[in-house]
Structure formats: structure tokens, C-alpha cells
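Worksheet: one structure, shown below.
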Amino acid sequence: MKFMISGAGGFVGKALCAELFRRGHSVSAAVRSGSSLIENIETIVVGAINSGTNWAEALRDVDVVIHLAARVHVMRENAADPLVEFLQVNLHGTSNLARQAACFGGEAARFR
């Protein structure tokens, strides 16, 4: 079984990727930047997560999507409107991933 983990560069994401790999699963780690590489894990840089993120490469041949990416723990907020930034990632970005995952899976996604 192949898992795609969004937010794989975060604390929980790294631990989950490592555990899934340890259990013998194939794992694809979707990260925001190339500085978040994870040992032994296929890493795909998706960039900023929002309504326009293209998840096609990260979703290729995936059986399970675990979405952990979110805008949290912003210690030095510099956004003009933090709520807009929060919604862009956590609402619109999540909806975009869900739509693409459903389309990518086609008919099979409905019956798993």
C-alpha cells in the first residue's frame, strides 16, 4: 500500500513517514520546500498549499492520503491579514487536495 503524507516535513509528519516506512509501506512525502527531505522516503515538493496547488505528482499511484499540512504555530506573524492566510491553507488548500485526490482516484476512490 502506498501512502501520501502532506505536511511530511512537520513533527508529526516525519514521525508518521518513518513509522509507515518501518512497517514496510511505500511512502510519498509531500513537502513545501526541498529543505524538508526525509531519509528513505520519496519526497515531492508541492510548494505553498492553497487552492492552486498541483498535487498530481504527489498523488501518482497513491492508495491512501493522510493530510497533515496546515498553517499553525506562526510565531512571528507578518501577514497583513492572518485569517486570510489561515483560510488559504487550511480551508482552500485542504479542499483543493480533497478534490484532486477524488478525481485522481476516479471510480476506485469511491469504493475503497
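In table form, for the structure just shown:
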| item | result |
| --- | --- |
| Flag for VAL84 being of a type in the set (Val, Ile, Thr), modelled with pLDDT of 75 or more and either part of a loop (DSSP other than H, G, I, E, B) or surrounded by fewer than 13 Cβ atoms within 10 Å (Cβ to Cβ) (or both) | yes |
| GLU77 surrounded by 16 or more Cβ atoms within 10 Å (Cβ to Cβ), touching an Asp or Glu at 6+ places or on another chain (Cβ under 9 Å) and under 23 Å from PHE11 (Cα atoms) | no |
| Restricting region 87-108 to residues that are modelled with pLDDT under 80 and not aliphatic (A, V, I, L, M), the residue that is nearest to ILE5 (Cα to Cα) | GLY105 |
| Unmet requirement for GLU77, which otherwise passes all of (1) at pLDDT 90 or above; (2) of a type in the set (D, E, K, R); (3) not in a helix (DSSP H, G or I) | (1) |
| Tally, over region 51-64, of residues that are in contact (Cβ under 8 Å) with a residue 24 or more places away in the chain and assigned to a helix (DSSP H, G or I) | 3 |
| Filter result for the condition that a residue is touching a Ser or Thr at 6+ places or on another chain (Cβ under 8 Å), of a type outside the set (Phe, Trp, Tyr) and surrounded by 14 or more Cβ atoms within 10 Å (Cβ to Cβ), over ILE5, ILE38 | ILE5 |
| Out of ALA48, ALA69, ALA30, sole residue that is surrounded by 14 or more Cβ atoms within 10 Å (Cβ to Cβ), under 14 Å from the mean Cα position of the chain (by Cα), among the aliphatic types (A, V, I, L, M) and part of a loop (DSSP other than H, G, I, E, B) | ALA69 |
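The values are calculated or read from the model by the stated rules, or taken from the named source; none is laboratory data. These numbers come from a predicted model, not from an experiment. Here the Cβ is made from the backbone with ideal geometry for all residues, glycine too, and neighbour counts use every protein chain on show.
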